[in-house]
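See below for the structure under consideration.
The values are calculated or read from the model by the stated rules, or taken from the named source; none is laboratory data. What you see is a predicted model; the values in this text were computed from it and never measured. Here the Cβ positions follow ideal geometry from the backbone for every residue, glycine too, while neighbour counts run over all protein chains shown. Remember, those area values only see protein heavy atoms, side chains included, never the ligands or the DNA or RNA. Shrake-Rupley method; radii C 1.70, N 1.55, O 1.52, S 1.80 Å.
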Amino acid sequence: MRLLVVEDEVRLAAALKRGLQAEGFTVDVAHDGVEGLHRAREGAREGGYAAIVLDVMLPGLSGYRVCERLRAEGNWVP
């Protein structure tokens with residue numbers, strides 16, 4: 001299963017990635033809302049993510065805005 005983690009705190013993102021990989025997930029990481037939105041869109045074209053772990057307070061675009069834009073595009077990934 002492929003997951004996307006969008007978290008601006010680099011150490012927290014790395015810890016989440018390590019823990020999820022240890023459980024057998026493939027994990028991509030983005031460190032701001034703009035990059036997270038881009039990766040989510042690209043991921044949808046490549047077969048999609050099983051889930052996105054999305055921080056709320058992100059630089060660029062907030063997690064709320066990222067989610068809002070994905071939903072408006074018909075992307076309903078959890």
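Under 7 Å by Cβ, and 6 or more places apart or on different chains, what pairs join a residue from segment 18-33 that is closer than 11 Å to Val5 by Cβ and assigned to a loop (DSSP other than H, G, I, E, B) with one that is open to solvent by 80 Å² or more (accessible area, probe 1.4 Å) and not hydroxyl-bearing (Ser, Thr, Tyr)?
Qualifying pairs under 7 Å: Phe25/Met1; His31/Val10.
Does segment 49-64 hold any residues that are over 11 Å from Glu7 (Cα atoms), open to solvent by less than 30 Å² (accessible area, probe 1.4 Å) and over 11 Å from the mean Cα position of the chain (by Cα), and which are they?
Leu61, the sole residue that qualifies.
Which residue, of Ala30, Ala13, Ala40, is touching a Lys or Arg at 6+ places or on another chain (Cβ under 6 Å) and open to solvent by less than 40 Å² (accessible area, probe 1.4 Å)?
Working: Ala13 fails: touching a Lys or Arg at 6+ places or on another chain (Cβ under 6 Å); Ala40 fails: touching a Lys or Arg at 6+ places or on another chain (Cβ under 6 Å).
When all the criteria are applied, what remains is Ala30.
List the pairs whose first member sits in segment 36-52 and is without any contact (Cβ under 8 Å) to a residue 60 or more places away in the chain, whose second member is exposed (fewer than 13 other Cβ atoms within 10 Å of the Cβ) and hydrophobic (A, V, I, L, M, F, W, C), and whose Cβ atoms are under 6 Å apart, counting only residues at least 6 apart or on separate chains?
Close Cβ pairs satisfying both conditions: Ala50/Met1.
For Val5, which of the numbered conditions (1) touching a residue at least 24 places away in the same chain (Cβ under 8 Å); (2) crowded, with 19+ Cβ neighbours inside 10 Å; (3) part of a helix (DSSP H, G or I) fails to hold?
In the conditions (1) touching a residue at least 24 places away in the same chain (Cβ under 8 Å); (2) crowded, with 19+ Cβ neighbours inside 10 Å; (3) part of a helix (DSSP H, G or I), Val5 misses (3) alone.
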